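The values are calculated or read from the model by the stated rules, or taken from the named source; none is laboratory data. Everything quoted here is computed from the prediction, not taken from an experiment. Quick reminder, even Gly has a Cβ in these numbers, built from the backbone with ideal geometry, and neighbours come from all protein chains shown. Ligands, DNA and RNA are excluded from the accessible area calculation, which covers all protein heavy atoms including side chains. Shrake-Rupley method; radii C 1.70, N 1.55, O 1.52, S 1.80 Å.
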Amino acid sequence: MIKFDQINNKYGAYSKSGIWNNIIWIDNKPYRERLEALIFNYTGYVFLELKNNSKYRLPGGGIEQGISNEKQLFEECKEEARIIIKNIKNTNITYTSIFESLPSWMAEEELPYYGQFVRIYTSEFEKKYMGNINTKNEDINMSTNGNFYPISYLTKKEHILAANLYLKNK
């Protein structure tokens, strides 16, 4: 397991699989920094993978060193949702989520996070991605179960705020 004193300058750590993960410290606790994309289509609907109990998931992922947030989100949307996005904009809206239990992917990587610090971006659907994706990066659930829904499906206040900001500036 990676110990806190092994975290690179308190800004991140490499996972066992060699992927860099940014760490944000809040109240002396480490949070994994994550990006999320609200992807809007031409009708103003947003791309979501619906889960049970009115929960949903947006495309996104951790921040890697040496890659801009916009490029990272472009790649994550291609890999997870099989969507090419354009007009990627930082909303400057963030939120934190605390892990109730350690997610299985984190237990496998043995990274010491308390939760996630999420930065929300908006973007627009350009087209479906039909190319090949490295299977270790593919998210079959999101690409199979995801679809465009009215923004009324959004329940997290920060997502609603970001969606309304996007629609106001459209």
Among the listed pairs LYS78/LYS157; LYS128/LYS156; LYS71/LYS127; LYS29/LYS78, give every one whose C-alpha distance is greater than 22 Å.
-> LYS78/LYS157; LYS128/LYS156; LYS29/LYS78
Order of exposure, largest accessible area first, which applies to MET142, MET130 with probe 1.4 Å = MET130, MET142
If each part is reduced to its alpha-carbon centroid, the stretch 113-129 and the stretch 16-54 end up apart, in Å, by 5 Å
Label point distance in nm, LEU50-THR96, each placed 7 Å from Cα along Cα→Cβ | 3.3 nm
Excluding ligands and nucleic acids, what accessible area in Å² is computed for THR155 using a 1.4 Å probe, to the nearest 10?
-> 90 Å²
May I ask you to compute the full-extension gain from TYR42 to THR144, defined as 0.36 nm times their residue separation minus their alpha-carbon distance, rounded to one decimal in nm?
-> 34.7 nm
Can you give the FRET efficiency for TYR129 and LEU167, using 1/(1 + (r/R0)^6), R0 = 22 Å, r = Cβ-Cβ distance, to the nearest 0.05?
-> 0.30
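Using r as the Cβ-Cβ distance of ASN87 and LYS16, and R0 as 35 Å, what FRET efficiency do you calculate, to the nearest 0.05? Let's see the in-between values first.
Values: r = 36 Å, r/R0 = 1.02.
The formula returns an efficiency of 0.45 here.
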R0 = 25 Å: FRET efficiency of ASP27 with TYR153, Cβ-based, nearest 0.05?
-> 0.20
